[in-house]
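Here is the structure we will look at, set down as structure tokens.
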Amino acid sequence: MRARIVLLAAIVASLTASSAAAQPTTPDGYRLAVPGWVFEFPRDHGTHDEFRTEWWYFTGHLRSAAGRRYGFEVTFFRVGAAGPQAAGEATAWDLRNVSLAHFAITDVGGRRFRYYEKLNRSTPFLAGAKAGFLHVFNEGWSATAAADGSWRLLAREGADAIDLRLRLEKPPAIHGRDGISVKAAGEGNASHYYSITRLSAEGTVDAGGRRETVRGQAWMDHEFGSAMLREHQSGWDWFSFQFDNDTELMLYVIRRSDGTADVTSSGSIVLADGRVIHLERGDFSVAPRGRWKSAKSGATYPMGWRVRVPKFDIELDVRELMKDQELVTTKSTQVTYWEGSVDATGRSGGTLVRGEGYVEMTGYDKPISDRAAGSR
């Protein structure tokens, strides 16, 4: 669903040329996410230019040998800018896609959060993504599949950087039903969405200029589709948790304009053996324990949560590692959102569990439906 993102309608409108030939999809020819999509890997780790929007979302938790703890986010976005074109009509230099990216470091011990952003037209040498396998980049930031099956994740800006080798510990977890994750009523108001819910991570982190060797775990979301949030939807709260019993939990709450959760909100439990259990809106609840107001944006966010999935005896107390983990992206997506590292403690299936996670919250400064061309 993880940025699990918002793209401004104004950006898309300014970059989108009208398509001369009518397509049996969106008015400008992009394919809608409809039931029946059959995922194939590694093919679906690559780009899907027949859909308007797409993102690859990496989040994770790292620790150094000295015990210092870091959270990170690296996200790559692709936005279609000219409508799909028949083979042979376009060259590699034509403006077909726009590439955006975000990189953030949470230095837990140092109580510092820093983020960076990029916006480029997609070209072979500046920014883009390959079809058929994982290779997405924006200038010097990249996520690339290696010959041994691992992935390498790189991002460097200012005095901050990560260079990580990621290894898949579980197969892809497909969210939703029948190949789609529904976001609103009506055909095509959905996305194709999967996660790699457990990736081992090792490499280096530079935080404020200090380099450390680190190990930890990461999560990757990949989502593609062509729909927008509806007028009655203001934003979303997204949660991912990796527990010490080798299970994972993803929840996605789409907020309506009146503050209630949309019926299309959903989630997934990923068991230790990789099996996925789909959760409907009525299967879970998320209740905030407090609030925090950002001095940067003026937005007020929930902070601290009680998460319950009663029929699986899951009850969690979720605490943010820092309150100020907000991104105000004035140079790229032009969207303000909170995406931060959290801890979770509680029980699952009658046993005590501890976990690490990430939370993303959008639409708290202004409704996403006022400006979004895509949703997480």
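In this structure Arg121 has an accessible area near 110 Å², from a 1.4 Å probe over the protein heavy atoms. Summed over the residues of the chain and divided among them, the accessible surface reaches 39 Å² per residue at a probe radius of 1.4 Å. Straight-distance candidates among the lysines for linking to Lys293, with alpha-carbon spacing under 16 Å and chain neighbours fewer than 8 residues away dropped: Lys323, Lys366. For Ser265, the residues whose modelled amide H falls within less than 5 Å of its own, excluding neighbours fewer than 5 places apart on the same chain, are Ile254.
The label-point distance for Arg121 and Asp324, in a model that sets each label 7 Å from Cα toward Cβ, rounds to 3.8 nm. Cβ-Cβ distance of Thr91 and Glu212, R₀ of 51 Å, FRET efficiency by 1/(1 + (r/R0)^6): the value works out to about 0.70. The listed residues Ser257, Ser150, once ranked by accessible area (1.4 Å probe) with the largest placed first, stand as Ser257, Ser150.
In the complete set of protein chains, residue-level accessible area for Thr91 is approximately 80 Å², probe 1.4 angstrom. With Cα atoms defining each centre, region 116-178 and region 220-279 are spaced 22 Å apart in the structure. Percent of Cα-Cα pairs more than 12 Å apart in region 177-233, please. Tail fraction, whole percent: 74. Its alpha carbons give region 265-324 an Rg and a Dmax of 14.6, 44 Å. Note on the chain: dipole from Cβ charges, positive end direction compared against Thr300, Gly110, Ile180; the farthest Cα belongs to Gly110.
For Glu187, neighbours were defined as the other residues whose beta-carbon sits under 15 Å from its Cβ, and their charges (Lys and Arg +1, Asp and Glu -1) total +3. Note on region 276-338: with neighbouring protein chains present and a 1.4 Å probe, carbon and sulfur make up 45 percent of its accessible heavy-atom surface. Annotation for region 67-154: chymotrypsin sites (Phe, Trp or Tyr not before Pro) lying in DSSP loop with at most 12 further Cβ atoms inside 10 Å of their Cβ are Trp93, Phe125.
Taking N as the residue count of the chain, its C-alpha radius of gyration divided by 2.2 N^0.38 Å amounts to 0.92.
Largest to smallest in accessible area, the residues Leu119, Leu321, Leu166 fall in the order Leu119, Leu321, Leu166 (1.4 Å probe, all protein chains included).
Accessible surface comparison of Met228, Met303, probe 1.4 Å, protein chains only, largest first: the order is Met228, Met303. Of the accessible area of region 40-173, computed with a 1.4 Å probe over protein heavy atoms only, carbon and sulfur atoms account for 53 percent. Of all aspartates and glutamates in the structure, the ones whose alpha carbon falls short of 18 Å from that of Lys183, not counting any fewer than 8 places away in one chain, are Glu54, Asp221, Glu223, Glu231, Asp237, Asp258, Asp262, Glu280, Asp283, Glu360, Asp370. Rounded to 0.05, the FRET efficiency of the Glu315 and Arg167 pair, given R0 = 25 Å and the Cβ-Cβ distance, is 0.20. For region 166-299, the average shadow cast by the Cα convex hull is 11.0 nm², which is a quarter of the hull's surface. The calculated 222 nm mean residue ellipticity attributable to helices in the chain amounts to -500 deg cm²/dmol, summing -39500 (n - 2.57) over DSSP H runs of n ≥ 4 and dividing by all residues. Overall dimensions of region 210-362, expressed as equivalent-ellipsoid semi-axes from the Cα gyration tensor (√(5λ), whole Å, largest first), are 25, 21, 16.
The values are calculated or read from the model by the stated rules, or taken from the named source; none is laboratory data. Treat the numbers as computed from the prediction; the structure is a model and nothing was measured. Reconstructed Cβ throughout: ideal geometry from the backbone, glycine too, with neighbour counts over all protein chains shown. When the accessible area is computed, the model is the full protein with side chains, heavy atoms only, and any ligands, DNA or RNA have been set aside. Shrake-Rupley method; radii C 1.70, N 1.55, O 1.52, S 1.80 Å.
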